[in-house]
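Asks: Before we start, here is the structure in question, set down as structure tokens.
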Amino acid sequence: MARRQPTQANVATGLLGFFALLFVLGAIDGNYILKLLLSMSVAVLAAFLLLERLGNSHSFTSTNWGADDSKYRYSASGGKPSYTFHQQTVDETAPAVWTLKLLQSMEWLVFEQLVASYFKMRGMKAELTGSGADGGVDVKVTTQTTQAKRQIYVQCKAWSKQMVGVKPVRELYGVMMADKADMGILITTSTFTEDSLRFAKNIPSLRLINGEQFLALMKKLPADQQQALLTQFIRGDYKTPSCPKCSIKMVSRRSQKRGFDAKPFWGCRNFPRCRQTMQMKRDQAA
Ligand SMILES: [Zn+2]
């Protein structure tokens, strides 16, 4: 802890002294009710102190001081002090199988890499375009047969709750058409709105794959390949998002301007050079 807190013992000792003084004054005064109350206070405080001496201080300390300061790290960046959370820790219990929840907990870059690896496992060539979280195409997939070479444009949306509307679907279709790609696939960990499903329905070269469907595709891979992908992608920190501009892991920040209770958000490590921020997924903001 960077800051020194008064310990439980310090406070209790002070109070004990204060009450002892009152007790003496009460005795002089001859007020028996006051005396009784004060002797009870002294007894309670003595018991409290004893418990702490016995090493039971942990629960008292965390309940009494409210905010858990060990969660924050005090850092000075660019002269202005700011609070940052420690980087999210990887779950102690590593997932043993692919689930929708696991897919939804992945950050956008790891999800793109997973999608690319999936196509590679299916024997295709797949490359990340590196266009960031909002580019038109995230993965370029090429299938090569003796007859023909086909180019598939893949856009990924690693969203946990928000549905994918028609806008990114139209964008993907636009890039596909402009580049004369043979096919376009939008893969999300979430679901699609009615609008986007209706839009894609009449375009045979456009496919929308939601979280459940992508999971089903993953489950169709041979067991050893599924396991290999699992080992590859959950080994490190797969949850903390990467900066779309710098492709490095972001850090949790809390604006001081917005008050202490302001919601934490993801900021770039290269701040103030890079001012990219990102909203936290609901479960990350805890
Ligand atoms: Zn950045």
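Matching residues to (1) farther than 27 Å from Met250 by Cβ; (2) touching a residue at least 12 places away in the same chain (Cβ under 8 Å); (3) among the aliphatic types (A, V, I, L, M):
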site: Val141; (1), (2), (3): yes, yes, yes
site: Met163; (1), (2), (3): no, yes, yes
site: Leu172; (1), (2), (3): no, yes, yes
site: Met183; (1), (2), (3): yes, yes, yes
site: Thr188; (1), (2), (3): no, yes, no
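Asks: Given region 61-150, what strands (runs of 3 or more DSSP E) lie entirely inside it while holding 3 or more residues that are small (Gly, Ala, Ser) and at pLDDT below 60? Explain how you work it out, then say what you get.
Replies: Values: elements: 72-77, 80-85, 125-128, 139-144.
Answer list for region 61-150: 72-77.
Asks: Let me ask something else about it. Here's a check for you: in region 143-156, which residue that is without any contact (Cβ under 8 Å) to a residue 40 or more places away in the chain and of a type outside the set (S, T, N, Q) is farthest from Gln104 (Cα to Cα)?
Replies: Filtering region 143-156 for residues without any contact (Cβ under 8 Å) to a residue 40 or more places away in the chain gives 143-155.
The next check asks that each one be of a type outside the set (S, T, N, Q); those that pass are 148-150, 152-154.
Numbers: Ala148: 35, Lys149: 32, Arg150: 29, Ile152: 24, Tyr153: 22, Val154: 18 Å.
By that ranking, first place goes to Ala148.
The values are calculated or read from the model by the stated rules, or taken from the named source; none is laboratory data. Only a predicted model underlies this, so the values are computations on that prediction, with no experimental measurement involved. All Cβ positions, even for glycine, are placed from backbone atoms using ideal geometry, and neighbour counts span all protein chains on display.
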